[in-house]
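Okay, so here's the structure we're looking at.
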Amino acid sequence: MGTYLVTGMGRGIGHELARVLLRRGDRVIGTVRDEAGIAPEWAAFLASGQLRLVMLDVRDAASIGKAAAQIDEPIDVLVNNAGIIGPHRQSTLDMDFEGFLETLDVNTLGPLRIVQAFLPHLRRSKAPRIVTISSRMGSLSHAKSDRIAYRASKAAVNKVMQALATDLQGEGIVAISVHPGWVRTDMGGSGADISVEESAEGLIKLIDRVTLAESGLFFDWTGTQISF
Ligand code: NDP
């Protein structure tokens, strides 16, 4: 059993990851942006101390620093889950540039801010892993041109994670990117392929078995390696 930090655990994939981990006995430090992210179902886990909630916005380094200072325990797995789909207008011919910047801020810079802030906690773990929920939509081999702010932000975060894997290899810290599937959440929509349960179970199986030799790679929720 380990301690997992999950960003954006108030809803969607982050919520389900936290639920599965708590039910099997792991400790979870969940991040939410505000009190609205604290569901009544967490009460018993909060009371027992198995779940801790910290508030942060991945765009805001000060809020991340404050959250990190509240945690004084090793973190085994850091799951960068928080993300946004980006602005309404995001084609190369009609781009909301402010929205594009925000998308990069949340989806690309956010995960790196989180890793930097919680690296001291990861360094205290015996099996430290960084898992960033990216998307196959960021694969450079996909020539599609819709949602380009989102796609670019995920392609960029993959590059950042690959570099982190190189920089942290010597310390034995694994860093991977994962595609969670097309999942029925607020972001994925009700017509998506798989449920949050299927996605979370697959992701956790992968997280449990990933090794340092696989650090820097990109996987999907079934545990299959996919191309950047
Ligand atoms: P949801 O929209 O359901 O949930 C997004 C989560 O991210 C929420 O908890 C939200 O918090 C949090 N979040 C958003 N912005 C910030 C921020 N600035 N700071 C902190 N937290 C923030 O999305 P999903 O659960 O579907 O997606 C989770 C991850 O999976 C994302 O990275 C997404 O890109 C990726 N993904 C999802 C796919 C899908 O089909 N659903 C497919 C491929 C990848 P709040 O409630 O406060 O808004």
For a quick check: with amide H placed at 1.01 Å from N, whose amide H comes under 5 Å from G2's, ignoring anything fewer than 5 positions away on the same chain? R27
GNM result for the chain, Cα springs below 10 Å: residue of R59, R19, R209 fluctuating most strongly: R209
Among N80, H142, A165, pick out the residue whose Cα is farthest towards the positive end of the charge dipole of the chain, where Lys and Arg carry +1 and Asp and Glu carry -1 on C-beta, about the Cα centre. A165
Sequence order, the range 4-10: Karplus ³J(HN,Hα) from phi using 6.51 cos²θ - 1.76 cosθ + 1.60, θ = phi - 60°, Hz rounded, Gly and Pro as x, gives 10, 9, 10, 7, x, 8, x
Normalised by the residues of the chain, what does the relative contact order come to in percent, with Cα pairs under 8 Å and at least six apart? 18 percent
What residue among M95, M161, M137 shows peak mean-square fluctuation when the chain is described by a Gaussian network model with Cα springs under 10 Å? M95
In a Gaussian network model of the chain with springs linking alpha carbons closer than 10 Å, the residue among A18, A69, A165 that fluctuates most is A69
Charge context of G223, other residues only, Cβ under 9 angstrom, K/R +1, D/E -1: +1
What's the FRET efficiency of M55 with S141 using the Cβ-Cβ distance as r and R₀ = 25 Å, to the nearest 0.05? 0.10
How would you order 122-131, 181-190 from highest to lowest mean count of nearby Cβ atoms within 10 Å? 122-131, 181-190
For the chain, I need the span (max minus min coordinate) of the C-alpha atoms along each principal axis, in Å, sorted largest to smallest. 52, 40, 35
Mind grabbing the base-10 log of I(q)/I(0) for the range 50-102 at q = 0.18 Å⁻¹? Debye formula, identical points on the C-alpha positions, no solvent, two decimal places. -0.74
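Just so you know, all these numbers are worked out from the coordinates, no wet-lab data involved. What you are looking at is a predicted structure, and each value in this text was computed from that prediction instead of being measured. Using ideal geometry, Cβ is built from the backbone for each residue, glycine included, and neighbour counts are taken over all protein chains shown.
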